[in-house]
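Okay, structure first, notes after.
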Amino acid sequence: MDSVVERQSAGLDELEKVARHDLARLNYPPANWVPEKTGPDGRPVLDVLIVGAGMCGQTAGWGLMREGIRNIRVIERNRHGQEGPWNTTARMPTLRSPKHLTGPDLGVPALTFRAWYEAQHGAEGWEKLYKIPRLDWLAYLLWVRKVVDLKVENGVSLLKVEAAGDFLRASLSTGETILVRKIVLANGRDGSGGFRWPSFPSFASEDPARTARVYHTLEEIDFTAFKGKRLGILGVLATAIDNACTALEAGAREAICYARRPHLPQVNKSKGVSFPGFQRGQGMLDDDWRWKIYTYMLAAGSPPPHESVLRAQRLPGFAFRFAEPWLDIVIDADGVTVKTAKTTECFDAVLIGTGFDIDLSRRPELASFAANITLWADRRAPDEAQANAEAARYPYLGPGFELIEKMPGRTPHMSDIHLFNWGSILSHGALAGDIPGLFVGATRLVQSISHALFREDVETHVQNMYAQEDPELAPTDYFVPRDRRSGTL
Ligand SMILES: Cc1cc2nc3c(=O)[nH]c(=O)nc-3n(C[C@H](O)[C@H](O)[C@H](O)COP(=O)(O)OP(=O)(O)OC[C@H]3O[C@@H](n4cnc5c(N)ncnc54)[C@H](O)[C@@H]3O)c2cc1C
């Protein structure tokens, strides 16, 4: 794991002043407008709990603050500086995205990555930059968080959510149980499921014998342990290749990536749909269109970036094996035997690079809701759902990323849970997971929460409007006290 991510420089200090001044000019943060609620115990109820302070969680938090929704908490299970994959399980030197992307800045120029980078390296440095170094992205995110004064409680996990009277009850790892009106699950790529493990006759992912023999590529791994070793890797996409390269660079003798497919996927379809019309419009389409688009995307797959493949090509000991699926793996005393469709191989260790699965029944936080969450399977004909089993497992979300009950009334307050993670792509497109769609996604989420909180309290807001007294004309000769006014008071 890499450390020391936060940067300090005169240029950044200067930019921070500019950004803070910009924020002040935008009247940030506006006053909180949400009426306070109290629970049955007389304690104040939290308006929004954001779970996860990665890219999506922190942008949602800053968006809510900017909207004047300030009775919020942002919790993050990891330590400060270890949010998201960037200095833990991401193993590529640079981001895969192009450098010009915006998102975490929510439209404030001084908060863009470019501003952050130029403040340290000048305009020329920006011109020379090819792609964003991975740890720079993390340092940048932490800097934005600091400048917008978003408080994050690190080392705090959400354990459980349940309905509790008029609210949701969240149990936290601190031992607290808190009543909340809305929960945003910004808990990352695995936040709607977990690691995807292939099914083999002789292997179970929960078998303790897999320690130091079978890894998932998205786990934390000590690559120095692979010095001189021969590794088999299941998968040929970005993460699988990055893991193979990291192992070879750490001294592994051989790293072979296997695929069922005959060659690498060639076209990154998500690049072609990365424009505002698609990003804003996809979630507004009817079910047939959304299903058509994402079942196609899922089937098409996404090629590894050419930088990853070039990195691999240069390393002696690297190889691809296409059209050679694994049929079984057996953990031995001194390694792992892999039976492929073509042969049997012995490795010192194997890495499973098959990504994440979407399956809300695997999320312990959602156990009391899971069985009643509407999935895309519930909205498609059985044969279509069967033919697209992965797509069918995605939750069918409402317009503000909220979960929807399968049987209305059975699980109260389910729609107060907003799923702002990868599980939302079938319903909304990639607005809560990748950088390009973040601006659209965070804005949509915030507006929806704002609208819902306002709507729930509309009576109070209207009473306040009736009761409002603003003696605008008091300094003039034409002021009339309230008890002597005619017409609307
Ligand atoms: C290896 C890798 C490389 C990527 N590269 C790119 C790229 O180049 N370009 C791009 O656009 N996208 C990329 N992505 C995709 C995406 O941008 C990242 O996954 C990004 O981190 C998503 O942000 P997030 O906030 O949704 O999730 P995360 O950054 O993963 O943040 C989620 C946070 O939630 C916390 N959390 C989880 N559960 C709980 C809980 N119960 N209680 C409290 N906290 C919890 C986690 O600790 C984590 O910090 C990459 C993803 C990976 C995995």
- Could you tell me which chymotrypsin sites (Phe, Trp or Tyr not before Pro) in segment 272-337 are loop residues by DSSP with no more than 12 other beta carbons within 10 angstrom of their beta carbon? none
- Relative contact order of segment 225-321: what whole-number percent is it, with Cα pairs under 8 angstrom and at least 6 residues apart? 40
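Count the net charge of all other residues whose Cβ sits under 12 Å from the Cβ of ASP242, scoring Lys and Arg as +1 and Asp and Glu as -1. Walk me through the numbers on the way to the answer.
Values: positive: ARG91, ARG96, ARG134, ARG311; negative: GLU249, GLU307.
Net charge in that neighbourhood comes out at +2.
Can you give me the relative contact order of the chain as a percent, contacts being Cα pairs under 8 Å and 6 or more apart?
Values: 896 pairs, mean separation 84.7, N = 489.
Answer for the chain is 17 percent.
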- How big is the gap, in Å, between the Cα center of segment 259-282 and the Cα center of segment 1-64? 32
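Considering only protein heavy atoms, with the full assembly of protein chains and a 1.4 angstrom probe, order CYS245, CYS346 by accessible area, largest first. Intermediate values should be presented prior to the final figure.
On the way: CYS245 0, CYS346 85 Å².
Output order, biggest surface exposure first: CYS346, CYS245.
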- Message: Using helices alone, I'd like the mean residue ellipticity at 222 nm for the chain: each DSSP H run of four-plus residues gives -39500 (n - 2.57), total over residue count, nearest 500.
- Response: -9000 deg cm²/dmol
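For segment 211-367, count the residues as N, evaluate 2.2 N^0.38 Å, and divide the Cα radius of gyration by that value, please.
Numbers: Rg = 18.1 Å, N = 157, 2.2 N^0.38 = 15.0 Å.
For segment 211-367, the normalised Cα radius of gyration is 1.21.
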- Message: What are the extents of the Cα atoms of segment 421-489 along their three principal axes, in Å, largest first?
- Response: 60, 24, 14
- Could you state how much accessible area HIS21 has, in square angstrom rounded to the nearest 10, with a 1.4 Å probe and all protein chains kept in place? 100
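For segment 381-451, which trypsin sites (Lys or Arg not before Pro) pass both filters: DSSP loop (anything but H, G, I, E, B) and at most 16 other C-beta atoms within 10 Å?
Values: sites: ARG393, LYS406, ARG410, ARG444; in loops: ARG393, LYS406, ARG410.
Those that pass, being in a loop and sparsely packed, are LYS406, ARG410.
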- Message: Straight-line reach only, C-alpha to C-alpha below 13 angstrom: list the aspartates and glutamates that LYS99 could link to, leaving out same-chain residues fewer than 8 apart.
- Response: GLU118, GLU127, ASP136
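Return the tail of the calculated pair distribution for the chain, meaning the percent of Cα-Cα pairs more than 29 Å apart.
The answer is 56 percent, as a whole percent.
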- Which entries in LYS128/LYS271; LYS131/LYS227; LYS37/LYS160; LYS229/LYS342; LYS17/LYS128; LYS146/LYS406 show an alpha-carbon gap greater than 32 Å? LYS146/LYS406
- Here, GLU459 and GLU127, labelled 7 Å along Cα→Cβ, have an inter-label distance in nm of 6.4
- Message: Can you tally the net charge around GLY194? Count Lys and Arg as +1, Asp and Glu as -1, for every other residue whose Cβ sits under 13 Å from the Cβ of GLY194.
- Response: -1
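What net charge is computed for the residues neighbouring PHE113, neighbours being all others with C-beta under 9 Å from the C-beta of PHE113, Lys and Arg scored +1, Asp and Glu -1?
Values: positive: LYS99, ARG114; negative: ASP105, ASP136.
Local charge sum for PHE113: 0.
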- Query: Between VAL267 and ASP332, what is the label-to-label distance in nm when each label sits 7 Å out along the Cα-to-Cβ direction?
  - Reply: 4.4
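Could you size up the charge dipole of the chain around its Cα centre, putting +1 on the beta carbon of Lys and Arg and -1 on that of Asp and Glu, and report it in debye to the nearest 20?
In debye, rounded to 20, the chain gives about 1000.
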- Inter-centroid distance (Cα atoms) of segment 220-254 relative to segment 105-178, Å: 30
- Averaged per residue, the 1.4 Å probe accessible area of segment 298-425, protein heavy atoms only, in Å², is roughly 43
- Message: Among PRO30, PHE347, LEU366, whose Cα projects farthest towards the positive end of the dipole of the chain, with charges put on the beta-carbon of Lys, Arg (+1) and Asp, Glu (-1)?
- Response: PHE347
- Rounded if a/c is under 1.5, else prolate if a/b beats b/c, else oblate: with a ≥ b ≥ c from the C-alpha gyration tensor eigenvalues square-rooted, which is segment 380-453? oblate
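Restricting attention to segment 1-92, which GluC sites (Glu not before Pro) occupy a DSSP loop and are surrounded by at most 13 other Cβ atoms within 10 Å? Provide the component values of the computation, followed by the final result.
Values: sites: GLU6, GLU14, GLU16, GLU36, GLU67, GLU76, GLU83; in loops: GLU6, GLU36, GLU67, GLU83.
Loop-located and lightly packed - GLU6, GLU36.
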- Note on the structure: FRET efficiency (ALA467, GLU14; Cβ distance; R0 56 Å; to 0.05) is 0.75
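The values are calculated or read from the model by the stated rules, or taken from the named source; none is laboratory data. Only a predicted model underlies this, so the values are computations on that prediction, with no experimental measurement involved. Neighbour counts are summed over all protein chains in view; Cβ atoms, including those assigned to glycine, are modelled from backbone coordinates with ideal geometry. The area values use the complete protein model at the heavy-atom level, side chains included, leaving out ligands, DNA and RNA. Shrake-Rupley method; radii C 1.70, N 1.55, O 1.52, S 1.80 Å.
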